[in-house]
Amino acid sequence: MKPMPFGTPWRWALAGTLLGLLLSTLFFAPARWLATLVQRASAGQVLLQQPRGTVWTGSARVMLTGGAGSQDAATLPGRVDWQLAPGLTGVGLKLNADCCLQQAWAMHLQPRWNGLRLTIADARSQWPANLLAGLGTPWNTVQPQGELNLSTQGLTLAWAAGRLQMGGAAQVDVMNLASHLSTLRPMGNYRFSLTGGTPVTLALTTLQGSLQVSGSGQWVGGQLRFNGEASAVPEHQAALSNLLNIIGRRQGARSIIKVG
């Protein structure tokens, strides 16, 4: 039998030590690494501030901004907690926010040969509308106030060959909407619906309110096309006139909204 070289045990020991250090680094990777990744992926529009814990289990304050060079920013009340769980079929993600979620929001990210697929569990949540002002134009002008009630059903987002595809549906009910552009508070309640497919369709309706809005659109080839209109009930036309002048092109008492 050929004798084992004297240096072999040391090589195995060194390899084991390096592997242990690598696994330890990955397992205890600090939460700030995830914060850096999120900032880059969102082009600076989503920031995880004051991160604590690790990449896999941690928390942070979430700030929305208008991106590089923008002075607009808004921070979600309280902290957001997350748990990442890698598996054979992808990565599971659970989010929790005391301000806005009644229960953890579960998601699953699955890599594919030509992209990614994100599956979002059916959930309901409530978010402050003033958070949108942090994203810059046009929200920083409108400065919305109120509550955004988000619900999802069978929602999936898939990135394939550089294009985004959506399945399922999402709905946002905007409750008690107000704006610093109008003295009328609140202006009303509204519903914005997204339905997945080819193409993705959008619909905006008024549930109740002095500001009457409606519209529909499509998301085609990465471009949003939307046509709608807004008007005020006769007794509140003066209070809403400034807002109507800004959100669209005036045609008499109506404001025509066109995107794309």
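The values are calculated or read from the model by the stated rules, or taken from the named source; none is laboratory data. These numbers come from a predicted model, not from an experiment. Cβ sites come from the backbone with ideal geometry, for glycine too, and all protein chains shown count toward neighbours. Quick note on the areas: whole protein, heavy atoms, side chains included, nothing else; ligands and nucleic acids left out. Shrake-Rupley method; radii C 1.70, N 1.55, O 1.52, S 1.80 Å.
Mind giving me the FRET efficiency for Arg191 and Gln237? R0 is 25 Å, r the Cβ-Cβ distance, nearest 0.05 is fine. Walk me through the intermediate numbers first.
Details: r = 23 Å, r/R0 = 0.93.
Efficiency, rounded to the nearest 0.05: 0.60.
Less than 5 angstrom separates the built amide H of Gly58 from those of Trp82, all sequence-distant by 5 or more or on a different chain. Close amide H partners of Gly209, meaning residues 5 or more places away or on another chain with modelled amide H under 5 Å apart, are Asn189. Simple point charges give the picture: +1 on the Cβ of Lys and Arg, -1 on the Cβ of Asp and Glu, and for the chain a dipole about the Cα centre of about 740 debye.
How large, in percent, is the carbon and sulfur part of the accessible surface of the range 113-260 at a probe radius of 1.4 Å?
Details: 4340 of 7940 Å².
Within the range 113-260, the accessible surface is 55 percent carbon and sulfur.
Here the calculated FRET efficiency for Thr205 and Gln126, from their Cβ-Cβ distance with R0 = 25 Å, stands at 0.80, rounded to the nearest 0.05. Stretching the chain fully between Asn176 and Ser151 yields a gain of 7.3 nm (0.36 nm per residue, less the alpha carbon separation).
At 222 nm, what value in deg cm²/dmol follows for the chain if DSSP H runs of at least 4 each add -39500 (n - 2.57) and the sum is divided by all its residues, to the nearest 500? Display every interim value, and only then the final one.
Working: 4 runs with 46 residues, N = 260.
About -5500 deg cm²/dmol.
Here the range 146-260 is treated with +1 on each Lys and Arg Cβ and -1 on each Asp and Glu Cβ, and its dipole about the Cα centre works out to around 340 debye. Convex hull volume per residue, computed on the Cα atoms of the chain, equals 167 Å³. Which one of Gln126, Gly53, Gly228 is farthest out on the positive end of the charge dipole of the chain, using unit charges on Cβ (Lys, Arg +1; Asp, Glu -1) and the Cα centre as origin? Of Gln126, Gly53, Gly228, it is Gly53.
Karplus-based coupling profile of the range 226-243, in residue order and whole Hz: 9, 10, x, 8, 9, 8, 10, 5, x, 6, 10, 5, 5, 5, 9, 4, 4, 5, with θ = phi - 60° in 6.51 cos²θ - 1.76 cosθ + 1.60 and x standing for Gly or Pro. For the range 204-217, the Karplus equation 6.51 cos²θ - 1.76 cosθ + 1.60, evaluated at θ = phi - 60°, returns couplings of 10, 9, 9, 7, 5, x, 7, 8, 9, 10, 7, x, 8, x Hz by residue, with Gly and Pro reported as x.
Once the Cβ-Cβ distance between Trp113 and Ala43 is put in as r, and R0 is 25 Å, what FRET efficiency do you end up with, to the nearest 0.05? With R0 = 25 Å, the Cβ-Cβ based efficiency is 0.45.
Tell me the relative contact order for the chain as a rounded percent, counting alpha carbon contacts under 8 Å between residues six or more apart.
Working: 594 pairs, mean separation 22.7, N = 260.
Averaging sequence separation for qualifying contacts and normalising by length gives 9 percent for the chain.
Ignoring ligands, DNA and RNA, what accessible area per residue does the chain give at 1.4 Å, in Å²?
Working: 15770 Å² over 260 residues.
Roughly 61 Å² per residue, with all protein chains present.
How charged is the neighbourhood of Gly92? Take every other residue with its Cβ under 15 Å from the Cβ of Gly92, and add Lys/Arg as +1 and Asp/Glu as -1.
That works out to +1.
Remark: the range 53-62, residue by residue, has Karplus-estimated 3J(HN,Hα) of x, 10, 4, 8, 9, x, 8, 6, 8, 9 Hz, where x stands for each Gly or Pro and the curve is 6.51 cos²θ - 1.76 cosθ + 1.60 at θ = phi - 60°.
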